[in-house]
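Engineer: Quick one: the structure is below, and I'll ask about it shortly.
The values are calculated or read from the model by the stated rules, or taken from the named source; none is laboratory data. Quantities reported herein were computed from a predicted structural model and do not represent experimental measurements. Note: ideal-geometry Cβ built from the backbone for every residue, glycine included; neighbour counts use all protein chains shown.
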Amino acid sequence: METGYPRLPTDTDNGLLLIISGPSGVGKTTITRGVERAIGDSVFSVSCTTRVKTEADTEGVDYHFVSDEEFNELIEQDAFLEWADVFGKKYGTRRKWVEEQLARGRLVILEIDVKGAAQVKEKMPEAFGIFIMPPSEEVLLGRLQNRKRESAEQIEKRFAEAKTEMEAARSGEVYDKFIINEDLEAAIQESIGTVNAARIASSMRHEH
Ligand code: 5GP
């Protein structure tokens, strides 16, 4: 593949773009990090965001925290593969970094929302999309309440948004696989198996 990046001895033709989405509280960050740990040549795309950094966040690991002005400048420079407004804050994926990692043959993991995923699938139809579902809406509401991260009002908002997101995911054609997180370890294993199979299918397509 002609990529514009100098070829390194460690490069392979195994590059695959993986999208992982799911409503807040469904456990997708833990699942994403589980997939990342299990698959040797995977890399996690650190998004840019204008949301406030919390104590749980590490700059450069979870997100690149930027100002509104910086984010708008990046939009103007066409630096994003996709970006979306989520809960009133902007989140975006850096295009150049993703393209370079794919050219290196890596599994590039995007943990992004449904709107962003639709943009990626349109530009890169070969991307593989996983959507994590809760066992039921009641379980999801319980999980959102239990993590005690937001106020009751914010939880209501996130729950309403979650229902809209699940509906949008189900009715669209962005996701190749829906995984129900009833048991976290089982969901991680199912995700890893799904990704490995998608990777084999994708490398077979490259060969033909
Ligand atoms: P949180 O603020 O809880 O870390 O993330 C809120 C939501 O933003 C999650 O659904 C997450 O998947 C989504 N998100 C994180 N990074 C990006 C990104 O780069 N693009 C898009 N479209 N959504 C993102």
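Engineer: Looking at the stretch 73-84, can you tell me whether even one residue there is farther than 21 Å from residue 37 by Cβ, more than 11 Å from the ligand (Cβ to nearest atom) and β-branched (Val, Ile, Thr)?
Structural biologist: Yes: one or more hits.
Engineer: Still on this structure, I have one more. Across the stretch 67-101, what is the total count of residues that are β-branched (Val, Ile, Thr) and surrounded by fewer than 19 Cβ atoms within 10 Å (Cβ to Cβ)?
Structural biologist: Of the residues in the stretch 67-101, 2 are β-branched (Val, Ile, Thr) and surrounded by fewer than 19 Cβ atoms within 10 Å (Cβ to Cβ).
Engineer: Also, quick follow-up: Is there a residue being within 26 Å of residue 103 (Cα to Cα) and assigned to a strand (DSSP E or B) anywhere in the stretch 67-76?
Structural biologist: No, the stretch 67-76 contains no residue that is within 26 Å of residue 103 (Cα to Cα) and assigned to a strand (DSSP E or B).
Engineer: Now a separate question. Return only the number of the condition from (1) surrounded by 13 or more Cβ atoms within 10 Å (Cβ to Cβ); (2) modelled with pLDDT of 95 or more that residue 158 does not satisfy.
Structural biologist: Residue 158 satisfies every listed condition except (2).
Engineer: Give me a count of the residues in the stretch 158-208 that are touching a residue at least 24 places away in the same chain (Cβ under 8 Å) and small (Gly, Ala, Ser).
Structural biologist: The total comes to 9.
Engineer: May I pose another question? Can you pull out the residues in the stretch 43-52 that are hydrophobic (A, V, I, L, M, F, W, C) and surrounded by 14 or more Cβ atoms within 10 Å (Cβ to Cβ)?
Structural biologist: 43, 44, 46, 48, listed by residue number.
Engineer: Residues to consider are 70, 82; find the one that is out of contact with any helix residue (DSSP H, G or I) (no Cβ under 9 Å at 6 or more places or on another chain) and of a type in the set (Asp, Glu).
Structural biologist: Being out of contact with any helix residue (DSSP H, G or I) (no Cβ under 9 Å at 6 or more places or on another chain) and of a type in the set (Asp, Glu) holds for just one of 70, 82, which is 70.
Engineer: For the stretch 27-51, which residues satisfy the criterion of being near the ligand (Cβ under 9 Å from one of its atoms), part of a loop (DSSP other than H, G, I, E, B) and over 16 Å from residue 98 (Cβ atoms)?
Structural biologist: Listed by number, the list holds a single entry, 51.
Engineer: Considering (1) buried (at least 17 other Cβ atoms within 10 Å of the Cβ); (2) of a type outside the set (A, V, I, L, M, F, W, C); (3) in a loop (DSSP other than H, G, I, E, B), say which one residue 55 fails and leave the rest.
Structural biologist: Unmet for residue 55, out of (1) buried (at least 17 other Cβ atoms within 10 Å of the Cβ); (2) of a type outside the set (A, V, I, L, M, F, W, C); (3) in a loop (DSSP other than H, G, I, E, B): (1).
Listed here are the residues, each with its yes/no results for (1) aromatic (Phe, Trp, Tyr); (2) at pLDDT 95 or above; (3) in contact with a helix residue (DSSP H, G or I) (Cβ under 8 Å, 6 or more places away or on another chain); (4) more than 18 Å from residue 39 (Cβ to Cβ).
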position: 148; (1), (2), (3), (4): no, no, no, yes
position: 169; (1), (2), (3), (4): no, yes, yes, yes
position: 172; (1), (2), (3), (4): no, no, yes, yes
position: 175; (1), (2), (3), (4): yes, yes, yes, yes
position: 181; (1), (2), (3), (4): no, yes, yes, yes
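Engineer: Go through the stretch 9-25 and report how many residues are more than 9 Å from the ligand (Cβ to nearest atom) and at pLDDT below 95.
Structural biologist: 8
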